[in-house]
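To start, the structure under review is shown below, and the notes come after it.
The values are calculated or read from the model by the stated rules, or taken from the named source; none is laboratory data. Nothing here was measured: the structure is a model prediction, and the numbers come from that model. Cβ placement follows ideal geometry from the backbone for every residue including glycine, while neighbour counts extend to all protein chains displayed.
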Amino acid sequence: MPSHRDKPERPRQEPEIIPPGNDWPRRDSRFPPNYGFDERRSTHRVYVSRIGPLGFALFMIIAALFGGVLLLALIGAALIWFPVLLVFAVIAAIAGLIRRL
């Protein structure tokens, strides 16, 4: 355990500062070949922007379609069980009539 808890821990290795325009070497004997989808060894950027009104409308339409499909699936499941429950009710009614005799 460190003896000084209030002091932040120093980095174990200094970061390598790469100037702009100097990308990692594509082929270097120090690194094994990269068999992924990208042959470059570089930083990838992800650009995120706010969603516009058209994107929001498309998202809401897709969400409504998924909700409608889910609702139809639930109604379909209920309609499949309705005849089964009706058969059980008829059997129970017949069993009740036979018991009275």
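Of all residues in the stretch 8-38, those satisfying the criterion of being surrounded by fewer than 10 Cβ atoms within 10 Å (Cβ to Cβ) and modelled with pLDDT of 70 or more are 8, 9, 10, 11, 12, 13, 14, 15, 16, 17, 19, 20.
For residue 5, are the conditions met, namely being assigned to a loop (DSSP other than H, G, I, E, B), at pLDDT 75 or above, exposed (fewer than 10 other Cβ atoms within 10 Å of the Cβ) and more than 27 Å from the chain's Cα centre (by Cα)? No. Among the residues of the stretch 39-76, just one is surrounded by fewer than 10 Cβ atoms within 10 Å (Cβ to Cβ), at pLDDT below 90 and among the small types (Gly, Ala, Ser), namely 49.
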